[in-house]
1. Here are some pairs, LYS129/LYS165; LYS168/LYS217; LYS50/LYS193; which of them have Cα atoms lying more than 26 Å apart in this structure?
2. Note down the nm distance, to one decimal, between modelled labels 7 Å out along Cα→Cβ at ALA185 and at ASP15.
3. Ignoring ligands and nucleic acids, what accessible area does THR121 show with a 1.4 Å probe (Å², nearest 10)?
4. Please get the size of the charge dipole for the chain, origin at its Cα centre, with Cβ charges of +1 on Lys and Arg and -1 on Asp and Glu, quoted in debye to the nearest 20.
5. Report the one residue of MET1, LEU51, GLY108 whose Cα lies farthest in the direction of the positive end of the charge dipole of the stretch 1-137 (charges on C-beta: Lys and Arg +1, Asp and Glu -1; origin at the Cα centre).
6. In nm, what is the difference between 0.36 nm times the number of residues separating ALA204 and GLU140 and their Cα-Cα distance?
7. For the stretch 3-232, how big is the tail of P(r) above 31 Å, as a whole percent of Cα pairs?
8. Hey, can you find the accessible area per residue of the chain for me, probe 1.4 Å, expressed in square angstrom?
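The values are calculated or read from the model by the stated rules, or taken from the named source; none is laboratory data. None of the values given here were measured: they were computed from a predicted structure. Counting neighbours? That spans all protein chains shown, and the Cβs are built from the backbone with ideal geometry, glycine included. For the accessible areas, the whole protein counts, side chains as well, though only heavy atoms, and no ligand, DNA or RNA atoms are used. Shrake-Rupley method; radii C 1.70, N 1.55, O 1.52, S 1.80 Å.
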Amino acid sequence: MELKDRIIIALDYSDEAKALEMVELTREYAGVYKVGFELFVSAGPDIVKKLASLGGKVFLDLKFHDIPNTVGQASGAAAALGVLMFNVHASGGLDMMKKAAESAAKAGRDRPLALGVTVLTSMNDRVLKEEIGIPLGANEQALKLAKLAKQAGLDGVVCSGEEIKAIKEACGKDFILVVPGVRPAWASGDDQKRVITPREAVAAGADYIVIGRPITKADDPKAAAKRVLEELQPA
Ligand code: C5P
């Protein structure tokens, strides 16, 4: 895989034109674009085709979480859009994740990667325990869900920089890790708390890094994307 294909830029926009403009600006330095709820709900599934026509591969970040049959069907629809990867909540359980993996596999040779979302980084030990009744801490729960995702046949998980090493050790080097919360040393942390630099993330074993505002809100997004890619070059 080329280094630039490890860089996923988060297109957190409701305006399709802005999203497409960001792709034009940065596509020399990034291979993948993340389409989340905001853009997907505003622009509709056609946005995936438009991004593809500009040469961008798509991470469809819709975090499916429903009964196994529904998630299986939605995963089939995601695969039919021709995305590079999509995700489901691992807390939806083994059967639900198996259906997602099966639907991805049915897409054949160009099948998408099906990923699990472990524990949202907006949740901490207190929220897990006191609000939703999960006794394990966030890191332990994330590891537990990553193992379950692997057992279900998913290709990998989305996890924080802190969890990369433990999950790679437990699930193997081929288990794909997509890591958000990435901040180059020169960028602001924004509201991200547990941050890791692009180079640290890849050195720890991240297969892909997700990066949004340090590029999309930079005065010069093209230069910022170039700088992130340069940081990833081996010294
Ligand atoms: O702008 P920033 O780099 O913080 O954007 C990160 C992207 O990754 C956002 O789209 C955010 O929703 C997403 N994300 C995250 N932390 C997670 C999962 C997804 O920041 N644990």
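1. Correct reply: LYS168/LYS217; LYS50/LYS193.
2. The modelled label-to-label distance comes out at 3.5 nm.
3. Only protein atoms counted, so the area is about 80 Å².
4. Details: 31 positive and 32 negative charges, 95 e Å.
I would put it at about 460 debye.
5. Positive-end residue among those listed: GLY108.
6. 21.2 nm
7. Details: 4535 of 26335 pairs.
Of the Cα pairs, 17 percent sit more than 31 Å apart.
8. Details: 11240 Å² over 235 residues.
So the chain comes to 48 Å² accessible per residue, rounded to a whole number.
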